[in-house]
Structure formats: structure tokens, C-alpha cells
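Asks: The structure is given below, and queries will be raised subsequently.
The values are calculated or read from the model by the stated rules, or taken from the named source; none is laboratory data. Model, not experiment: these values are computed from the prediction. Using ideal geometry, Cβ is built from the backbone for each residue, glycine included, and neighbour counts are taken over all protein chains shown. The protein model used for the area step is the full one, side chains on, heavy atoms only, and it has no ligands, DNA or RNA in it. Shrake-Rupley method; radii C 1.70, N 1.55, O 1.52, S 1.80 Å.
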Amino acid sequence: MKKIISLLLIVTSINIATAQQYNNAAKDSMQAQQKSNSSLSRFLLTGYTALTVETDGKEKFNMGQVQFSPILLWKPSKNIFFEAELETELNAGALDIGLEYADISYIINKYITLRAGKFLAPFGIYQDRLHASWINKLPTAPLGFGHDGVGTSSEIGIALSGGIPIGPSKINYIIYASNGPQLNTGKEEPGEEGMLMYENALDNNFNKAVGGRLGILPFSNSSLELGGSVQYAKVGDKASDYDKVTSLMYSFDLSFTQQVGFLKGMIDVKAQMNGLNVSKADYIDPYDSTGTGLYTYDNKRSIIFGQVAYRPSMLKIKVLKNFEGVFRYSILNLPEGVKENEDVSQIALGLNYWITWRSVIKFAYQKTGGKENYLLQFATSF
Amino acid sequence: MYMKKIIITSLMIGLIIASSVLQQGCTVTKITERGGAQLWSENCTRCHSTPPPNVYSDEQWDVISTHMRVRAAMTNDETEKIIEFIKSANK
């Protein structure tokens with residue numbers, strides 16, 4: 001309920017904000033037209049959409065997964081930039097709508113940009129850079145990545161970011177303060193005690209989460225990027241038994257893309273490891289019949305994925321050039337002592353055909369634990 | 001079990017990276033000495049397929065380049081050189 005109300009609040013405030021911006025923009029563009037069409041205020045409506053078919057080859061055959069995510073970009077002046085994405089998804093007959101991000105950036109100088117609003121968490125690379133279905137090389141997210149996974153996916157707060165060249169190398173950084181995650185005590189959802197809830201528009205305590213990411217691109221051709229991210233927050237409700245509970249999460253990521261002559265094509269490697277550590281707390285045991293028994297655990301979870309893709313982009317034959325093969329391995333490690341402790345791993349193999357630079361047909365085979373799955377997806381940005 | 005697979009995979013990735021670094025040899029040019037076309041072909045592909053210049057108008061590119069600068073934390077100089085190249089190729 002709280003989530004719905006807070007979501008509504010943001011959506012309305014953004015509506016009001018965009019309406020005002022729209023008015024301003026209309027005025028701006030009129031003024032600009034008067035100034036001989038040299039308008040600086042610029043809109044762009046883009047986004048992406050995906051259609052997924054999934055089957056296990058036996059009982060399940062689902063064609064009902066449709067995703068549509070419009071994105072509004074607006075540049076009212078040289079140094080101000082606004083971006084917003086609405087994510088809508090029709091899944092098993094239910095329509096999910098989410099405000100993926102809505103934030104405004106002010107470019108202070110060459111090296112520093114200030115951002116405020118709801119932004120994709122700069123925590124590793126998956127959520128921020130790879131999750132959009134026309135970018136993701138497989139139809140699914142790696143195990144535990146994405147919404148409600150291990151590690152934050154978006155934050156509401158303020159951030160400073162930028163990119164700095166250093167000789168033949170360059171670095172990029174972002175630091176932020178945000179509402180941060182909240183602890184799920186399992187009272188409403190038994191079995192989820194100790195997990196974190198993200199994307200909170202209303203904070204449950206006075207403390208702000210702080211975090212950031214540093215990326216290093218050591219080579220002048222930008223082929224390799226190594227990144228490290230952290231976030232620290234108090235996650236318990238103020239004035240509850242959980243008010244001292246904290247969470248520390250960290251992530252390491254690697255990205256490598258290069259045309260390799262002797263392979264006649266492009267190699268693309270992406271990897272990320274997320275670790276989450278929620279301090280020890282007592283939770284109500286969901287398996288205790290009296291409903292009052294407590295158990296304690298240290299919520300240490302981690303997830304890892306590694307992905308390698310190859311596209312023979314240097315071949316002369318056009319049809320072959322557009323194919324791409326992908327392999328991904330991902331692991332979800334659950335903490336010791338949690339109820340239903342079972343680590344899971346997943347293998348995904350994919351074959352993609354790129355119709356254009358932004359439209360792709362993906363076919364994938366996936367094995368999660370012992371379960372096999374086949375997926376077919378069409379994804380495009382527009 | 002996991003550890004072994006992870007180590008093998010990382011070793012393979014390490015090898016690919018090492019070999020391509022060797023390929024680069026000693027011809028390291030500073031980013032500041034690279035032209036817009038080169039920066040365009042090297043940078044955009046880090047995250048997604050590189051869009052050809054003619055799919056958007058100059059005005060649209062202006063918005064997109066700011067989006068990418070902010071989202072991908074590209075440096076100011078890189079972004080400016082790339083957009084200049086795109087606009088010159090977009091005729």
C-alpha cells in the first residue's frame with residue numbers, strides 16, 4: 001500500500017513538473033522560433049519495446065510477455081537535461097507499471113554533473129547500462145539482477161558524476177546520497193525477512209544511504225572498464241527493534257569490448273559480482289507454529305554473472321555479420337542460516353540476429369537449477 | 001565447484017584481454033589526440049551497437065549526446081568530438 005501511495009505521489013509530482021516544463025518548453029520554443037529558429041529547448045521521445053515467448057517444452061508455453069518503455073528526453077538549455085522512463089509490462093495477464101527513472105541533471109562544468117530525482121542505481125553495470133531489452137544480449141536478466149534482486153536497482157536522491165581523462169586512460173565516477181533500501185522484517189511477507197526493499201520514495205528513518213561507483217578505463221581505446229561500487233545505509237524503521245540494522249553492499253564489474261582481427265569479429269565480455277551484507281537481526285520464524293519463535297541470521301547474499309558474446313562483424317557476408325552468439329553463467333548465493341537455503345546457478349546460451357543496430361531477434365536456451373527453458377524475444381528501441 | 005568454473009572463465013577472459021592489449025602494441029595515442037570518428041567507433045559499442053549518424057537529425061543528436069554523456073559518464077571532450085563527427089557525417 002505504502003509503495004502504491006508513494007508511487008502515485010511521484011507520478012503526480014512528475015506530471016505536474018512535466019506539465020510545467022511542457023508549458024515552459026512551449027513558451028521557450030515560441031520564443032526561440034522568434035529568434036530565427038535557433039531553439040535550444042529540445043525534446044526527444046524514445047524508448048524500447050520487447051515481446052517474449054517462453055516455453056519449457058512440456059507444460060508451459062507463454063506468449064503473454066510484452067514490455068513497453070517510453071522514454072522522454074528534454075534538453076531545455078545547454079547545461080540542463082531531463083530524462084524519464086516509464087516501464088510497463090504485461091506479464092501473465094497482469095499489467096505492471098513503474099517509473100523506472102525521472103531525474104534532472106545540471107552540467108556544472110567539464111568534470112562535474114549534478115543529478116537529482118529517481119535514477120538508475122550506479123551499482124555495477126547491469127541495471128544502469130545493460131538491462132534495456134534492446135541492449136541486453138539475452139532475453140532474461142542474470143539470476144538475482146534486476147528489480148528486487150541482490151543489490152539496489154534505483155535510488156531516489158542526489159548525485160554528482162563525471163568523466164575525467166588522465167593521460168591515455170580515463171575514469172568516471174558517481175557519488176550519491178539517497179533514501180536507500182528498507183529492511184523487510186517478514187511481518188507482512190513471511191519468508192522474506194532480512195531482505196531489502198528498494199526504490200523507496202518515503203524514507204523510514206532519518207539516515208540517508210550513501211554510495212558511489214568508480215570506473216577505470218585504462219586503455220586509450222576504451223576497450224576495458226573495471227568498476228567498483230559501494231552503498232552503505234541504515235535500513236530498519238526508526239524507533240523499532242530494527243533501528244540499528246545496517247546494510248553494506250558492494251559490487252565489482254568488468255566490461256571489455258573489442259574487434260579482434262584474428263577472430264574476424266567483436267568480442268564483448270561483461271561481468272559483475274554483487275555482495276550484500278545486512279547486519280545480524282532477529283526475525284520471526286515463518287516455520288514456527290506459535291508464530292512467536294525468533295531466529296537470527298546474518299543476511300550475506302551474493303550474485304555473480306559473467307557473459308561472453310561474439311559477433312563476426314568483420315566478415316564480408318552480410319547475413320553472417322548480423323548473427324551473434326552469447327554465453328552467460330550466473331550464480332545466486334544465499335546466506336547461511338536463512339530458511340529455504342538453496343544456492344542456484346544458471347546457464348544461458350543465446351543466438352541473436354541483429355536486424356538493425358537497435359532491433360534484434362534473440363533465441364535462448366536457459367538451464368536454471370535443473371529446469372530447462374527456451375525463449376524467443378524480439379526487442380527494439382524506437 | 002563454482003570456484004573452479006569461475007577461475008576457468010576468468011582465466012579465459014584474462015587471456016582474451018591480454019592478447020588484445022598486446023595487439024594494441026605500443027601505438028598508444030592519448031584520448032585527447034583521437035579524432036571524433038575513432039572515438040565514436042570505440043565508445044558507443046562498449047554498451048550497445050553503434051547507431052549510424054543518419055538515423056537522427058542534428059537536433060536529436062544534440063539531446064542524445066547529452067543523454068549519453070550523463071548516462072555513460074563520457075568525458076566532455078570525447079562527447080564534443082563525437083557529436084561534431086556525427087554532425088559532419090550527417091549530411
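Asks: Which value, in Å² rounded to 10, gives the accessible area of residue A:96 with a 1.4 Å probe and all protein chains present?
Replies: 90 Å²
Asks: Can you send over the solvent-accessible area of residue A:183, 1.4 Å probe, protein chains only, in Å² to the nearest 10?
Replies: 10 Å²
Asks: Let me ask another. Roughly speaking, what is the stretch gain from residue A:208 to residue A:175, that is 0.36 nm per residue apart minus the C-alpha to C-alpha distance, in nm to one decimal?
Replies: Extra length from residue A:208 to residue A:175 when fully extended: 10.6 nm.
Asks: I've got another one for you. Using a 1.4 Å probe, how large is the accessible area of residue A:308, given in Å² and rounded to the nearest 10?
Replies: 40 Å²
Asks: Another one. Cβ under 10 Å from residue B:42's Cβ, residue B:42 left aside: what net charge do those residues give with Lys, Arg +1 and Asp, Glu -1?
Replies: Summing Lys/Arg as +1 and Asp/Glu as -1 gives +1.
Asks: Please give the average number of partner chain Cβ atoms lying within 10 Å of the Cβ of each residue in A:166-175, rounded to a whole number.
Replies: 3
Asks: I need the phi-derived Karplus couplings for the stretch A:261-270: 6.51 cos²θ - 1.76 cosθ + 1.60, θ = phi - 60°, integer Hz, Gly and Pro marked x.
Replies: Each residue's phi maps through the Karplus curve to give x, 6, 9, 6, x, 9, 9, 10, 10, 9 Hz.
Asks: Please report the net charge: other residues with Cβ closer than 12 Å to the Cβ of residue A:213, K and R +1, D and E -1.
Replies: That works out to -3.
Asks: Note down the nm distance, to one decimal, between modelled labels 7 Å out along Cα→Cβ at residue A:351 and at residue A:60.
Replies: Calculated label separation equals 2.3 nm.
Asks: To the nearest 100 Å², how much accessible surface do chains A and B cover up together, summed over both, with a 1.4 Å probe?
Replies: 4600 Å²
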